[in-house]
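Have a look at the structure below before the remarks.
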Amino acid sequence: PFSIESHIYHNAGANPVQELAFMISALVTCTDHLTDVGISPLHALNRFFFSVSIGTEYLTEIAKLRALRLLYRRITSAYKLPDDLCHAFIHTQSSSFYHAHSVPHTNMVRVTSEAMSAVVGGCDALTVNSYDRSADPFSERIANNVSLLISNETTIQKVAEPSAGSYLLDHMSLDIAHAAWELFLKIEEQ
């Protein structure tokens with residue numbers, strides 16, 4: 001597998017549009033290198049997984065993950081691949097960019113909100129970072145419990161697509177995807 005990550009962009013202060021544009025630019029560059037050495041586009045694109053940082057803007061982060069899927073489909077269709085054979089595996093990770101260092105307990109709420117955004121946005125895998133830099137057993141337990149709470153208390157895993165049918169999220173996802181595509185095209189020109 002090949003990993004395309006947004007963490008470096010996110011933690012440097014990039015907005016969701018920039019994160020996605022840089023990620024799909026890296027995806028296309030890597031895919032082009034792989035196809036140049038004889039690997040089929042289908043084989044190459046099914047070996048990628050995305051690792052995305054999730055910030056504190058709840059709805060925007062949900063829309064960002066949905067926009068990533070839209071952009072991935074746009075890339076796979078450019079390589080003339082059928083949608084049913086390509087799947088974007090998305091790993092998410094709670095952001096360290098927004099963590100308060102002076103009052104680390106506020107980070108418990110932040111990582112919970114970020115994790116919920118990731119799950120509602122349709123992530124395939126979730127990493128919840130500890131709320132405190134010390135990573136003591138208690139903060140690691142809280143990070144683990146966030147995933148357990150979402151899984152066992154919300155029953156969200158019983159819903160195929162939790163954000164489906166939301167006009168606002170559909171609109172936000174399309175706007176983010178469109179803006180990221182425009183930025184991607186500018187990157188490609190340069």
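The values are calculated or read from the model by the stated rules, or taken from the named source; none is laboratory data. Bear in mind the structure is a predicted one, so any value in this text is a computation, not a measurement. Note that we place each Cβ from the backbone using ideal geometry, even for glycine, and neighbour counts take in every protein chain shown. With ligands, DNA and RNA removed, areas are computed over all heavy atoms of the protein, side chains included. Shrake-Rupley method; radii C 1.70, N 1.55, O 1.52, S 1.80 Å.
Couple of notes before you dig in:
- Summarising the label geometry, the points placed 7 Å from Cα in the beta-carbon direction at THR106 and ASP170 lie 3.7 nm from one another.
- Ranking by accessible area, most exposed first, for LEU185, LEU34 with a 1.4 Å probe: LEU185, LEU34
- Candidate lysines - alpha carbon under 27 Å from LYS158, same-chain residues fewer than 8 apart omitted: LYS64
- Overall dimensions of the chain by Cα: Rg and Dmax, Å: 17.1, 53
- Label-point separation, VAL159 to HIS33 (7 Å along Cα→Cβ), nm: 4.0
- The accessible surface of the stretch 1-100, taken with every protein chain in place and a 1.4 Å probe, is 58 percent carbon and sulfur.
- When the trypsin sites (Lys or Arg not before Pro) in the stretch 54-83 are filtered for DSSP coil states and for at most 16 other beta-carbon atoms within 10 Å of their beta-carbon, the remaining sites are LYS80.
- Nonlocal amide H pairs with PHE89, under 5 Å, H built at 1.01 Å: PHE50
- For the stretch 86-190, the set of trypsin sites (Lys or Arg not before Pro) satisfying both a DSSP loop assignment and a count of at most 14 other C-beta atoms within 10 Å is given as ARG133.
- Among VAL103, VAL119, VAL17, the residue with the largest mean-square fluctuation in a Gaussian network model of the chain, with springs joining Cα atoms closer than 10 Å, is VAL103.
- Sparse packing (at most 15 other Cβ atoms within 10 Å of the Cβ) combined with a DSSP loop state is found for the following chymotrypsin sites (Phe, Trp or Tyr not before Pro) in the stretch 90-162: PHE97.
- Using a probe of 1.4 angstrom and keeping all protein chains present, the accessible surface of the chain works out to 52 square angstrom per residue.
- Highest-fluctuation residue, ASP84, ASP36, ASP175 considered, GNM on the chain with Cα pairs under 10 Å: ASP84
- Distance between the 7 Å Cα→Cβ label points at HIS7 and HIS43: 2.9 nm.
- Dipole of the stretch 1-127, positive end: most advanced residue of LEU85, GLY13, LEU27 [Cβ charges, Cα centre]: LEU85
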